Amino acid sequence: MDLRFTSEEQEFRQEVRSFIAANLDQETHASMLAGHRPSKDQIVAWQRVLNKKGWATVDWPAEFGGTGWNIIRRHIFREEVQAYPAPEPLAFGVYMVGPVIITFGNEDQKKKFLPRIANLDDWWCQGFSEPGSGSDLASLKTAARRDGDHYIVNGQKTWTTYAQYADWIFCLVRTNPQAAKPQEGISFLLIDMKSPGLTVRPIVTVDGGREINEVFFDDVKVPIENLVGVENRGWDCAKFLLSNERVNTARIGATKERLRRLKKLAAEAQEGGRPLIEDQSFAEKLADLEIELKALEITQLRVLANENKNGKGKPDPASSVLKLRGTELQQRITELTLQAAGPHGLVGENLDAPLGHNEDEIAPEWMRLAAPTYFNTRKVTIYGGSNEIQRNIIAKQILGL
Amino acid sequence: MDFDLSDEQRLLRDNVERLSAPTEAAPQGTAWSRERWKQFAELGLLALPFDEADGGLGWGAVETMIVMEAFGKGLVREPYLSTVVIGGGLVRHGCGDAVRKELAGRIASGELVVAFAHVEREARHELADVALSARKTTEGFVLDGVKSVVPHGDEAELLFVSARTGGERHARDGISLFRIDAKAKGVTRRAYGLADGTPGAEVRLDNVVVSADMLVGEVGKALPLIERVTDEAIAALCAEAVGVMSVMCDMTVSYLKTRKQFGRPIGAFQALQHRAADMFIGLEQARSMAVYATMMATENDPAQRSAAISAAKVTIGRNGRFIGEQAVQLHGGIGMTMEYRLGAYFKRMTSIGLMFGDADHHLRKVAKAGGLEQITA
Ligand SMILES: Cc1cc2nc3c(=O)[nH]c(=O)nc-3n(C[C@H](O)[C@H](O)[C@H](O)COP(=O)(O)OP(=O)(O)OC[C@H]3O[C@@H](n4cnc5c(N)ncnc54)[C@H](O)[C@@H]3O)c2cc1C
């Protein structure tokens, strides 16, 4: 057992870091450092830079444009991108629908979609959840009826992240309402967002942000060649996709970066004429968070090492721990940042606001972003399988209760 | 000991709850209603704490608690805390006879909106951290500096502004309080919405000249007054918080009963039942501490008063955050939307948590005071 990275791995880390430093647009970096979300343009531009280097789809098999890196290198790469911070490749394409197409799709689909996913020529969104089907996803109702060489889709998806930007949506739809089990009548369909009968209505989040939407389908015609895998076996794709999502939502690199930044800010913020970071109780809270984060990081490395050894068969039981703790820590860091902002955390601002207005501001930017970030980050324990559902998984599937 | 409300107090509660019934939709923007403010005046709410001799109702902290809890339930944005509780408190405890009578009358009639301009950019939660300067001249004072977080500072006609007339930045001595006409020469205000949508402003004073009679109390001795009124404001905020929390608990419990997943109401899942039970426990503890704060707000010994108020703020801050976060969590996606009313309560609770010191700040104060029951060797 040796927990240290090898010197090759450390060199590799340095190489990734230097590449990001040399190629990431300054404004994008500054904006993300300040706590803003990257804009659509910033995400697209950066993913194209990565793709040119061959680094947009590092987890894909080499034959489809992956790097062939082992799992430790892929981990290092992702951590460096998150911790820099730079925009991550668009998850809906690169981590969700891409691997599904690679695993379940046919040759035509691979040829048609994969290169465009890698280069972010197509922006994808995820059409799983419905108003009546969240945690109980298998109860979904959006129906696809076969009509010659088309499906006719009717129904509604909701909470669809960035549907307003999307060119394509991957959906779970019900193709057999008579199936014995609800999971058995579901198919995985790729739908062009420009299809007639498809409409998007924005939902404003509690912090004032514009990231989620409702998507309505009114007799939307979808060619049958857009079915991925076997009709009525879409649940296999969904399970495969969700287990990937779970690992991706831990975002340890990003939390590390936020923590590093918070330490700096807490050294600048004053409490009673002394830096806040010298306040015993605040310093202990930071330390507490850092300890949990270290434990989680090592848990993640253990999961990865296992996968490296045994291949990617059944997801490691510990991966539910990653989603659970990872999202809790993301929330804790926003709570502490808001606490550090103090009364000036009351000076709210929208996360999508452009960086650095030139006017003399009422409070520093990080303070103005603290409350909306705290509000917005409540989402991470809800999506990707809520943390209650993750606990159910641990209790049932791991502990056998 | 008697926790029951009198008939009169019950009537007050019913009236205020009727007047402040929440709207179906979540409140938008930072708007509040002058119309409703007038109704508050007609009901006597704006005259509530003033002595009868000053034209008030002569009511006390319990009545303020009743009003504020109802306001919390209704997410009332009108400037009651800043005008009647804080402004009224500074008027009652700080101003001389003539000024007190005049201002009490104008507040009670609804004519005057008041804001307390105290928090500065560097100060965080420390009340004694005042840098805005007031220089003495032959006729009065010249004030210069910035107050950054002033709830309702955008529309207030009258500002109470704390300023340093002497001493170092953190010194308890040397802080003075002034009445400033918001339209006075040299006063500029930048309006913005606070995180929960309450209107707020940054107030900038550029060499604002005030006459000596605008000083409230003695030169350099305003901190005890500010502390006393802040404690009263915290007690009122605790009551508001209880209203806010009780709505979040109610909304969550009814959602657990109606939202179905896996073929049954999600309230059938024991994990969620226990969470709801914990929210209920948090609410009850918070309610008790709000009552305690109300009782102790008028305590004569400042040290005891302040420790008790801090203790209440700790409970309110922690339990309020827990309840708010869990309410959102148990609603799933719908809890994350601006449109659904829960979010507005969650944000108001978050603001209350940050106002006049967060839970950690007050915990430290209670600890420093040796707890609530001081042991003498
Ligand atoms: C910001 C945001 C972005 C999103 N983006 C997308 C997207 O792009 N595409 C997409 O398809 N979906 C998306 N989602 C939807 C997300 O996956 C769902 O919100 C999630 O699955 C929960 O479903 P729900 O909201 O219907 O809540 P519900 O399932 O109704 O759950 C309500 C509460 O009950 C709990 N609960 C439910 N069942 C159980 C149980 N058996 N035991 C214990 N507790 C239980 C839940 O944990 C939750 O606390 C997004 C959500 C948010 C908030």
Can you give the accessible area buried between chains A and B, summed over both chains, with a 1.4 Å probe, in Å² to the nearest 100?
4200 Å²
In degrees, nearest 10, the alpha-carbon axis of helix B:342-354 is tilted away from the dominant principal axis of the alpha carbons of chain B by 40 degrees
Point-charge dipole on Cβ atoms (K/R +1, D/E -1) for the range A:270-339, about Cα centre, debye to 20
560 debye
Listed by chain and number, the lysines with an alpha carbon less than 30 angstrom from that of B:LYS101, same-chain partners under 8 positions apart left out, are B:LYS38, B:LYS136, B:LYS147, B:LYS183, B:LYS185, B:LYS221
For the protein assembly as shown: accessible area per residue (Å², 1.4 Å):
42 Å²
Shielded residues, the range B:124-157 - accessible-area loss of 40 Å² or more between chain alone and all protein chains, probe 1.4 Å:
B:ARG124, B:VAL149
Taking a cut-off of 18 Å between Cα atoms, list the lysines near B:LYS313, but don't count ones fewer than 8 places away on the same chain.
B:LYS347, B:LYS365, B:LYS368
Whole-Å distance linking the alpha carbon centroid of the range B:248-273 with that of the range A:47-89 is 41 Å
Among A:LEU401, B:PRO199, B:ILE66, which residue has its Cα furthest toward the positive end of the charge dipole of the protein assembly as shown, with +1 on Lys/Arg Cβ and -1 on Asp/Glu Cβ?
A:LEU401
By how many degrees, 0 to 90 and rounded to 10, does the Cα axis of helix B:270-296 deviate from the longest principal axis of chain B?
30 degrees
Here the net charge surrounding A:GLN331, from other residues whose Cβ is less than 9 Å away from its Cβ (Lys, Arg +1; Asp, Glu -1), is -1
Please label the shape of the protein assembly as shown as rounded, prolate or oblate, based on the square roots a ≥ b ≥ c of the eigenvalues of the alpha-carbon gyration tensor (a/c under 1.5 means rounded; beyond that, a/b larger than b/c means prolate, else oblate).
prolate
Magnitude of the charge dipole, the range B:7-112, Cβ model with Lys/Arg +1 and Asp/Glu -1, debye to 20
300 debye
Please work out the FRET efficiency for the pair A:GLN397 and B:ARG264, using the Cβ-Cβ distance as r and a Förster radius of 30 Å; give the result to the nearest 0.05.
0.90
Over chain B, what percent of the accessible surface lies on carbon and sulfur atoms, probe 1.4 Å?
53 percent
Which one of A:VAL347, B:LEU256, B:VAL84 is farthest out on the positive end of the charge dipole of the protein assembly as shown, using unit charges on Cβ (Lys, Arg +1; Asp, Glu -1) and the Cα centre as origin?
B:LEU256
Using the Cα gyration tensor of the range B:7-112, with a ≥ b ≥ c the square roots of its eigenvalues, what is the shape: rounded (a/c below 1.5), prolate (a/b larger than b/c) or oblate (neither)?
prolate
Ignoring any ligand, DNA or RNA, what whole percent of the accessible area of the range A:124-233 comes from carbon and sulfur when the probe is 1.4 angstrom?
49 percent
Lys, Arg +1 and Asp, Glu -1 on Cβ, resulting dipole of the range B:116-216 about Cα centre, debye, nearest 20
180 debye
Proximal lysines relative to A:LYS181, as straight alpha-carbon distance under 27 Å, when same-chain residues fewer than 8 apart are discounted
A:LYS141, A:LYS157, A:LYS221, A:LYS239, A:LYS314, A:LYS396, B:LYS257, B:LYS260
Per its Cα gyration tensor (rounded if a/c is under 1.5, else prolate when a/b beats b/c, else oblate), chain B is best filed as prolate
Return the distance in nm (one decimal) between the two label points of a simple spin-label model at B:GLU42 and B:GLN374, each offset 7 Å from Cα along Cα→Cβ.
5.0 nm
To test your reading of the geometry: what angle, between 0 and 90 degrees and rounded to tens, separates the Cα axis of helix A:252-268 from the longest principal axis of chain A?
30 degrees
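Over the whole of A:198-211, what's the average partner chain Cβ count within 10 Å per residue? Rounded to a whole number, please.
Mean shielding count: 3.
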Once the dipole of the protein assembly as shown is set up from charges on Cβ (+1 Lys and Arg, -1 Asp and Glu), the residue from the list A:PHE188, A:THR381, A:LEU369 lying farthest towards its positive end is A:PHE188
Tell me the carbon and sulfur percent of the accessible area for the range A:249-398, rounded to whole percent, probe radius 1.4 Å.
53 percent
Provide, for q = 0.09, 0.10 Å⁻¹, the log10 of I(q)/I(0) from a solvent-free Debye sum over equal Cα point scatterers in the range A:249-398.
-0.36, -0.43
Buried by at least 50 Å² relative to the chain on its own: which residues of the range A:257-295 qualify, computing accessible area with a 1.4 Å probe on protein heavy atoms?
A:GLN270, A:GLU271
With heavy atoms of protein chains only and a 1.4 Å probe, what residues of the range B:185-221 have at least 30 Å² less accessible area in the full set of chains than alone?
B:ARG190, B:TYR192, B:ALA195
Suppose only helical runs count, i.e. DSSP H with n ≥ 4. What mean residue ellipticity at 222 nm does that imply for chain A under -39500 (n - 2.57) per run, divided by all residues and rounded to the nearest 500 deg cm²/dmol?
-14500 deg cm²/dmol
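The values are calculated or read from the model by the stated rules, or taken from the named source; none is laboratory data. Because the structure is a prediction, the values reported are computed rather than measured. Here Cβ is always computed from backbone atoms with ideal geometry, including for glycine, and neighbour counts include all displayed protein chains. Just the protein is used for accessible areas: all its heavy atoms, side chains included, with ligands, DNA and RNA removed. Shrake-Rupley method; radii C 1.70, N 1.55, O 1.52, S 1.80 Å.
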